Amino acid sequence: MRLSPRFALITGGFVALALIGGCAVSTVGEASASAVQVTASSSASPSPTVAPSEPVGPLEGRTIVIDPGHTGAWTAKWGYRKVPDGNGRKKACNSSGTATNRGYSEHAYNLAQAKALAKELRALGATVLLNRTDDKTRSNKLCVNHRADLLNTNSADLLISLHADGNLGKGHRGFHIIVSKAMDGGKTVIAKSKALAKDLRTALEQATSMPRSNYIGKGTAYSFRSDLGTLNFAKHPAVMIELGNMRNATDAKLFTSTEFRTQAAEAITAGVVAYLS
């Protein structure tokens, strides 16, 4: 049996004393036997098994709200009702959204993109809340003055509102990101929203084939507005992403591509991770 270094040192000392001073060797034997018994008893006790810890994702403990813009259940009577816009004016509860020239609706794309994004965020540990999970809901909660409710009531880390533009200008294409100039959260939240927009812009450029808008933001892909209730009522960081122009044929092909939706979801997730790190 292998003895501990400390025990071997003590035993060696006893042997040396026995040789020098004529002490009976049996003393060493008795000490050795006692120590061996203690060692054997100690080694017989099994070590507690420690379960391997689960890896913690970079978004563990974070809460993110996704707002899939518009809804497939839109009607003029419901949508055109006037509601506060969060900046002292009134605005339509919700618009119908746009569509590609071949009829693929923005509300359907927004929902598909939101589900792809939610999957990516949850895979990294985030708690994800969606303003809608189907294309059949028509509720006052989907009016622009309530789109930030989930963000505010849950004190979520941020909100991303997903949209696609419908600009009819020739050759107009590309994504842009909107930040409100009149958020309920004030200057601090506006500044944080700008930082979020920057990280999202970088990620979208690096990971998708959608370029920056060539008609909004003068090449920056940023748009600063004060008329969007979804963002104005936010008390925490929030941005709206127009992921491209549905009326542009090149962008439209991307919107109908599963590959692009995956790219966009991964890119937005990377931007969120960068912002929250």
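Scoring residue 224 on the criteria (1) in a loop (DSSP other than H, G, I, E, B); (2) of a type outside the set (Asp, Glu); (3) surrounded by fewer than 19 Cβ atoms within 10 Å (Cβ to Cβ) leaves a single failure, condition (1). May I ask you to verify whether residue 174 is of a type in the set (Gly, Ala, Ser) and buried (at least 17 other Cβ atoms within 10 Å of the Cβ)? So residue 174 fits the description; yes.
For region 200-219, the criterion of being touching a residue at least 60 places away in the same chain (Cβ under 8 Å) and assigned to a loop (DSSP other than H, G, I, E, B) is satisfied by no residue at all. Residues in region 88-113 that are hydrophobic (A, V, I, L, M, F, W, C), touching a Lys or Arg at 6+ places or on another chain (Cβ under 8 Å) and assigned to a helix (DSSP H, G or I): 2 in all. Inside region 229-262, residues that are among the charged types (D, E, K, R) and not in a helix (DSSP H, G or I) make up a count of 3.
If you check 224, 233, 175 for being touching a helix residue (DSSP H, G or I) at 6+ places or on another chain (Cβ under 9 Å) and under 25 Å from residue 103 (Cβ atoms), only one passes: 175.
Of all residues in region 90-119, which are farther than 19 Å from residue 73 by Cα, in contact with a Ser or Thr (Cβ under 9 Å, 6 or more places away or on another chain) and not aliphatic (A, V, I, L, M)? Answer for region 90-119, where residues must be farther than 19 Å from residue 73 by Cα, in contact with a Ser or Thr (Cβ under 9 Å, 6 or more places away or on another chain) and not aliphatic (A, V, I, L, M): just 102.
For region 54-85, filtered to residues that are assigned to a strand (DSSP E or B) and charged (D, E, K, R), the residue that is surrounded by the most Cβ atoms within 10 Å (Cβ to Cβ) is 67. When region 146-159 is filtered for residues that are surrounded by fewer than 24 Cβ atoms within 10 Å (Cβ to Cβ) and either touching a Gly at 6+ places or on another chain (Cβ under 6 Å) or part of a strand (DSSP E or B) (or both), only 158 remains.
All told, residue 234 falls short of being touching a residue at least 40 places away in the same chain (Cβ under 8 Å), farther than 22 Å from residue 70 by Cα and in the same structural domain as residue 131 (by TED's automatic domain parsing).
Just to be sure I understand, how many residues within region 66-107 are over 30 Å from residue 186 (Cα atoms) and of a type in the set (D, E, K, R)? Of the residues in region 66-107, 3 are over 30 Å from residue 186 (Cα atoms) and of a type in the set (D, E, K, R). From the list 118, 126, 112, the one residue that fits, being surrounded by 16 or more Cβ atoms within 10 Å (Cβ to Cβ) and within 15 Å of residue 71 (Cα to Cα), is 112.
The values are calculated or read from the model by the stated rules, or taken from the named source; none is laboratory data. From a predicted model like this one, the values you see are computed outputs, not experimental measurements. Note that we place each Cβ from the backbone using ideal geometry, even for glycine, and neighbour counts take in every protein chain shown.
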